[in-house]
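Data first, discussion second: the structure below is written as structure tokens.
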Amino acid sequence: MLDGRGAIQHRAGPRLWLSALWLGLLVVLALGAPWIAPKDPLAQDLMLGRLPPFWIDGAEPGYWLGTDSLGRDVLSRILWGARLALTVALVAGTLTCLIGATLGLMAGFLRGASDLVISRLVDIWMAFPPVLFSILLVAVLGPGLFSIIAAIVLIDWTRFARVVRAEAMTQGAMDYVASAQVAGRGRIGTMALEILPNVLPTIGVLLTLEMGIAVIVEAILSFVNLSISTDAPTWGGMIAEGRTSVHQAWWVLVFPLLALFLTVLSFSQLGEGLKDRFDPVLR
Amino acid sequence: MSYLSIRDLELRLKGGGRLLRRVSLEVARGEVHGLVGESGAGKSMIGKAVLGTLPRSVEIVSGQILLDGTDVLAMHPAARRRLIGATCALIPQDPLTALNPAHRVGPQITDRLVDILRWPRAKAEARARELLAEVQIAEPERVMRSYPHELSGGMRQRILIASAFAAEPKLIVADEPTTALDVTVQKQILKLIKAMQERHGTALLFVTHDLGVVSKICQRLSVLYAGMVVEDTDVRTFFRAPRHPYSRALLAATPKYTDPTHSLTPVPEAVIATVRAEVAEADRRAGA
């Protein structure tokens with residue numbers, strides 16, 4: 001009577017491995033930046049300005065990816081910039097997820113007054129243009145790590161709330177919820193023990209997507225000089241600087257852009273890959 | 001004395017029309033009582049009202065639901081939930097959504113025994129194994145470790161039946177338990193429910209729209225139309241000599257698979273008109 005359904009295997013697939021590999025590498029590099037980075041990311045040397053990367057004539061040994069117009073090492077700045085990008089991704093992503101998913105779960109399963117309040121709040125929130133809103137927030141709060149994280153959490157919780165609410169509503173209509181209620185489980189118990197495990201795969205995907213978005217938002221804020229202090233190495237800041245000298249020194253723009261692109265792509269692919277592998281509903 | 005008795009139960013959509021019109025019925029201990037009627041007649045609502053799982057949009061206007069003489073509607077919600085949890089169970093309609101896809105099957109049977117009825121875990125697990133064997137599942141151990149998506153629909157319905165009987169409830173509400181299954185599996189499941197019910201002496205409120213099913217499993221039945229009981233009788237009488245014209249029309253409309261030339265007979269317009277008039281009359285009296 002047991003048929004073959006239990007034997008279906010889901011292979012991880014290259015996108016899960018590749019994205020995990022890149023993110024893993026980035027975490028190691030970011031953590032080890034003080035030891036791995038070949039140069040001091042803040043050290044300026046105008047004599048060594050706009051050095052090209054190592055494979056182009058005129059490169060200096062030790063400056064693998066060249067230097068910017070102030071003679072700062074591009075590779076070292078990318079590695080130090082990864083620290084900020086990943087910190088923001090992890091902290092802001094997790095906080096956004098916790099707040100948004102909790103509110104979404106309450107709205108979707110408990111319904112009634114909590115749904116009314118939370119859904120209206122989401123509607124109002126989503127009427128603000130997110131990028132302008134975040135710039136405004138950081139401008140008011142003042143630059144700094146805390147402000148960046150606060151801005152991301154304040155803007156993006158709606159993303160979680162909306163999706164989790166819809167999912168919780170679908171799950172709430174299932175017969176297993178009725179069975180749990182008949183058996184005597186309370187509302188909160190049902191929400192935590194019956195609904196939440198089924199919404200977790202969705203939350204996981206949203207969380208990794210959100211981490212990617214957090215990296216972008218941090219880059220946007222540093223691009224407009226509203227992240228942390230002005231000369232601290234950030235990917236967005238490097239892109240902003242590189243943009244002004246793209247014709248003379250393209251590498252100052254391209255390498256941080258590439259790092260940003262790969263990181264955001266990896267976060268989204270990681271989420272999709274994990275969902276394919278672990279979602280009990282899709283299995 | 002009957003175990004479940006519903007007296008003049010009146011349900012209404014919040015801000016809307018009447019869903020149940022003074023429904024009364026009695027289910028004795030160990031008796032199978034069928035609830036039949038077309039979609040929207042309110043048969044599922046009766047089951048939900050008994051179990052306390054009515055949707056938020058529905059409110060109980062008046063009436064009593066007595067379980068072994070206690071009016072559950074008058075109880076504090078928490079106490080009521082405990083009483084229902086200890087004495088009643090549900091066999092749901094759709095086995096595909098009635099097991100939580102995120103948990104293994106075993107814990108889904110045992111958790112409520114452990115968490116809510118405070119059984120020791122070992123006892124609950126032994127009980128689950130015993131019940132799975134009773135519903136003719138060949139490898140209870142393996143099934144208990146499986147996730148629902150690894151099992152077939154018929155298998156899942158067996159598990160749900162086992163789960164419903166786990167705490168030895170006095171009353172089980174079966175909400176169209178065979179509707180989502182194909183015909184061959186339907187027959188097995190029906191037999192199984194019947195056998196389990198007889199062995200455990202459980203009262204069963206059996207919601208269905210299939211008169212064939214009623215004839216096989218029920219002792220009594222209530223025929224509903226638009227939330228009103230048009231006939232409440234024992235099954236023998238019903239099939240031999242239905243009193244109400246709507247009941248007669250329903251019986252005549254049952255498809256006869258043995259005669260392929262015999263096309264489907266709808267319930268005649270005239271009968272619908274009669275029963276609608278009765279409903280309107282009941283509403284008028286309720287309003288007066």
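Values quoted throughout were computed directly from the atomic coordinates according to the rules given, and no laboratory measurement underlies them. These figures come from a predicted structure and were not determined experimentally. Cβ: placed from backbone, ideal geometry, glycine included. Neighbour counts: every protein chain shown.
Hydrodynamic radius of the protein assembly as shown by the Kirkwood approach over all distinct alpha-carbon pairs: 28.1 Å.
Given a Förster distance of 60 angstrom, what is the FRET efficiency for B:Thr184 paired with A:Met47, based on the Cβ-Cβ distance and rounded to 0.05? Once rounded, the FRET efficiency stands at 0.10.
Given the stretch A:46-120 reduced to its alpha-carbon atoms as identical point scatterers, what log10 I(q)/I(0) does the Debye formula return at q = 0.24 Å⁻¹? Listed by q, the Debye log ratios stand at -0.95. Beta bridges per DSSP, both residues in chain B: antiparallel share near 60 percent. Compared with the dominant Cα axis of chain A, that is its longest principal axis, helix A:196-223 is turned about 30°. On a C-alpha basis, how far is the centre of the stretch B:74-143 from the centre of the stretch B:154-176 in Å? Whole number, if you could? The two parts, judged by their Cα centres, are 8 Å apart. FRET efficiency for the B:Arg243 to B:Asp115 pair, using the beta carbon distance and R₀ = 41 Å, is estimated at 0.30.
Screening chain B for whole DSSP H helices of 24 Å or more along their axis (Cα) with average Kyte-Doolittle hydropathy at least 0.0 returns none.
Using the Cα coordinates of chain B, the gyration tensor eigenvalues translate into equivalent-ellipsoid semi-axes of 33, 24, 16 Å, sorted from longest to shortest.
Placing one equal scatterer on every Cα of the stretch B:59-128 and applying the Debye formula, the log10 ratio I(q)/I(0) at q = 0.11, 0.15, 0.16 Å⁻¹ is -0.39, -0.68, -0.75. Taking amide H positions as modeled 1.01 Å from N, with prolines and chain starts lacking one, the residues under 5 Å from B:Glu231 and 5 or more places away or on another chain are B:Val223. In this entry, chain A is assigned a mean projected area of 18.8 nm², taken as a quarter of its C-alpha convex hull surface. Using all pairs of distinct alpha-carbon atoms, the Kirkwood hydrodynamic radius of the stretch B:1-63 works out to 12.3 angstrom. Taking 18 Å as the cut-off, the amide N atoms of the stretch A:121-146 that come nearer than this to a point 7 Å along the Cα-to-beta-carbon line of A:Thr102 belong to A:121-122.
Here is how the number arises for chain B: DSSP H runs of 4 or more residues each give -39500 (n - 2.57), the sum is divided by the residue count, and the result at 222 nm is -13000 deg cm²/dmol. The charge dipole of the stretch B:193-288, taken about the Cα centre with unit charges on the Cβ atoms of Lys, Arg (+1) and Asp, Glu (-1), comes to about 260 debye, rounded to the nearest 20.
Averaged over the residues of B:183-191, the number of partner chain Cβ atoms lying within 10 Å of the residue Cβ comes to 0. Computed 3J(HN,Hα) for the stretch A:32-48, one whole-Hz value per residue from the Karplus formula 6.51 cos²θ - 1.76 cosθ + 1.60 where θ = phi - 60°, is x, 3, x, 9, 7, 4, x, 10, 6, x, 9, 5, 9, 8, 5, 5, 10, glycine and proline marked x.
Distance from the Cα centroid of the stretch A:63-118 to that of the stretch B:1-33 is 55 Å (rounded to whole angstrom). Per-residue ellipticity at 222 nm from helix content only, as computed over chain A with -39500 (n - 2.57) for each DSSP H run of at least four residues, stands at -22500 deg cm²/dmol.
Around the amide H of B:Gly34, modelled in the peptide plane, lie the amide H atoms of B:Phe206, B:Gln219, B:Arg220, B:Leu221, B:Ser222, all under 5 Å away and 5 or more residues distant in sequence or on another chain.
The phi torsions of the stretch A:247-263, fed into the Karplus equation with coefficients 6.51, -1.76 and 1.60 and a -60° offset, translate into couplings of 7, 8, 9, 4, 5, 5, 7, 5, 5, x, 5, 4, 4, 4, 4, 4, 5 Hz, rounded to whole numbers, with Gly and Pro shown as x. Applying 1/(1 + (r/R0)^6) with r as the Cβ-Cβ distance of B:Met75 and A:Val224 and R0 = 60 angstrom yields a FRET efficiency of 0.45. Computed from backbone phi, the HN-Hα couplings of the stretch B:2-15 come to 6, 7, 10, 9, 9, 10, 6, 6, 10, 10, 9, 5, 4, x Hz, rounded to whole numbers (Karplus: 6.51 cos²θ - 1.76 cosθ + 1.60, θ = phi - 60°; Gly and Pro given as x). Would you mind estimating how fast the stretch B:90-160 diffuses translationally, via Stokes-Einstein at 4 °C and 1.567 mPa s with the Kirkwood radius over Cα pairs, in µm²/s? Value of D from the Cα-based Kirkwood radius: 107 µm²/s. Listed cross-link partners B:Lys48/B:Lys194; A:Lys275/B:Lys191; B:Lys170/B:Lys216; B:Lys123/B:Lys191 are compared with a 31 Å cut-off, the Cα-Cα value being larger for A:Lys275/B:Lys191. Close amide-amide hydrogen proximity is noted between B:Leu19 and B:Leu11, B:Arg12, B:Leu13, each under 5 Å apart and 5 or more residues distant or on a separate chain (H modeled in the peptide plane; Pro and chain starts excluded). Compactness ratio for the stretch B:1-138: Cα radius of gyration over 2.2 N^0.38 Å (N = residue count) comes to 1.20. Each Cα pair under 8 Å and six or more residues apart adds its separation to the average, and for the stretch B:32-142 the resulting relative contact order is 12 percent. Normalised by 2.2 N^0.38 Å, where N counts its residues, the alpha-carbon radius of gyration of the stretch B:171-288 equals 1.21. Take each residue of peptide B:93-102, count the partner chain Cβ atoms within 10 Å of its Cβ, and average: the result is 6. For the stretch A:144-283, relative contact order (Cα pairs under 8 Å, six or more residues apart, normalised by length) works out to 25 percent.
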